[in-house]
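The values are calculated or read from the model by the stated rules, or taken from the named source; none is laboratory data. All figures in this text were calculated on a predicted structure; none of them were measured in a lab. A quick note on method: Cβ atoms are made from the backbone with ideal geometry, for glycine too, and the neighbour counts reach across all protein chains shown.
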Amino acid sequence: MSISYKNSSSKNIAIINSSSTINNASKEALDAALIYGSYEQNIALFFQGEGVRQLIKNQNTEAVRVKNFLKTMAAFELYDIENIYLCKKSLIERGLEEDFHVKNIQVLNVNEFLNKLHHHHVILRF
Amino acid sequence: MQTLSVVITTPPSSYLTITAIDFIKNAIEAGISVVGVFFYQDGVLNSSANLSMPNDEFQTPNEWRKLHTMHNISLHVCISACEKRGLTDDIEINDISFKSNNQQQSNISQYFTVSGLGELVELTSKSQRTVQF
């Protein structure tokens, strides 16, 4: 492709993921995130609402016949996806502990979460 | 010149798709350059060659066709999202009988470009703004 992606790297891309793990949108959000990562874009992932469950350890998605695509998240570092934010309020509402299967997750309160989001030029939501 | 890219994630039956079409038309009228539309998730259903809307309803497929033919707007569909939803440009492999009966090798409308997620990256990086529906 002819486009120089390096030149546009000043643009910050956010992917908001608020879908439950078993929803197809979760995987489609992850696919998009990995592509942005592989094109060396400044990509950040925002997990909120039901989306926070995707980061919790030891989920048995196969029990409900959903392929365990969460394993792919182990490749975030490889794709230079370093900014992963999670809404603390969503976690508390669901009674979930901060026990994640992905490293370096930043758990933020609502204001911090929104402030981070405001630093992005493109926001895609799933 | 202001530049815009649009991401469609809703099916043709969704009111959001109608809103998106109106939005794009108004952007063109306002002199904004629409660098492309990317169809992802259920949005790819808009690219089906077999869509047929009742006459008295909003003609979503015609509107996409017009945006492409009259305004030269690229309509990119994510092929992996398509194939999950029964849309393919390679029917030959999936169903030989379908091909021989209809002499048709794609059920994706000719006005759409078969692409991948890389195109989404390209569109977001070459437009000043991206709007998702």
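Looking at the range B:113-132 only, could you name the residues that are at the interface with chain A (Cβ under 9 Å from one of its Cβ atoms), surrounded by 17 or more Cβ atoms within 10 Å (Cβ to Cβ) and assigned to a strand (DSSP E or B)?
The answer is B:Thr130, B:Gln132.
Given the condition within 14 Å of chain A (Cβ to nearest Cβ), part of a helix (DSSP H, G or I) and surrounded by fewer than 20 Cβ atoms within 10 Å (Cβ to Cβ), answer yes or no: does some residue in the range B:83-93 qualify?
Among the residues of the range B:83-93, at least one is within 14 Å of chain A (Cβ to nearest Cβ), part of a helix (DSSP H, G or I) and surrounded by fewer than 20 Cβ atoms within 10 Å (Cβ to Cβ), which makes the answer yes.
Are there strands (runs of 3 or more DSSP E) fully within the range A:71-126 with at least 3 residues that are more than 22 Å from A:Lys57 (Cα to Cα)? List them.
A:122-125
Among the residues of the range B:10-43, what is the count of those that are in contact with a Gly (Cβ under 8 Å, 6 or more places away or on another chain) and either away from chain A (no Cβ under 14 Å) or under 19 Å from A:His121 (Cα atoms) (or both)?
First, the residues of the range B:10-43 that are in contact with a Gly (Cβ under 8 Å, 6 or more places away or on another chain): B:10-11, B:17.
Those left that are additionally either away from chain A (no Cβ under 14 Å) or under 19 Å from A:His121 (Cα atoms) (or both): B:17.
Here the count works out to 1.
Kindly indicate whether any position in the range B:59-76 is within 14 Å of another protein chain (Cβ to nearest Cβ), at pLDDT 95 or above and part of a strand (DSSP E or B).
yes
Among the residues of the range A:4-23, which ones are within 11 Å of chain B (Cβ to nearest Cβ), at pLDDT 75 or above and either part of a loop (DSSP other than H, G, I, E, B) or surrounded by fewer than 16 Cβ atoms within 10 Å (Cβ to Cβ) (or both)?
A:Ser10, A:Lys11, A:Ser19, A:Asn23
Collect the residues in the range B:1-20 that are over 11 Å from the mean Cα position of the chain (by Cα) and in a helix (DSSP H, G or I), keeping them in residue-number order.
B:Tyr15, B:Leu16, B:Ile18, B:Thr19, B:Ala20 - these are the residues of the range B:1-20 that are over 11 Å from the mean Cα position of the chain (by Cα) and in a helix (DSSP H, G or I).
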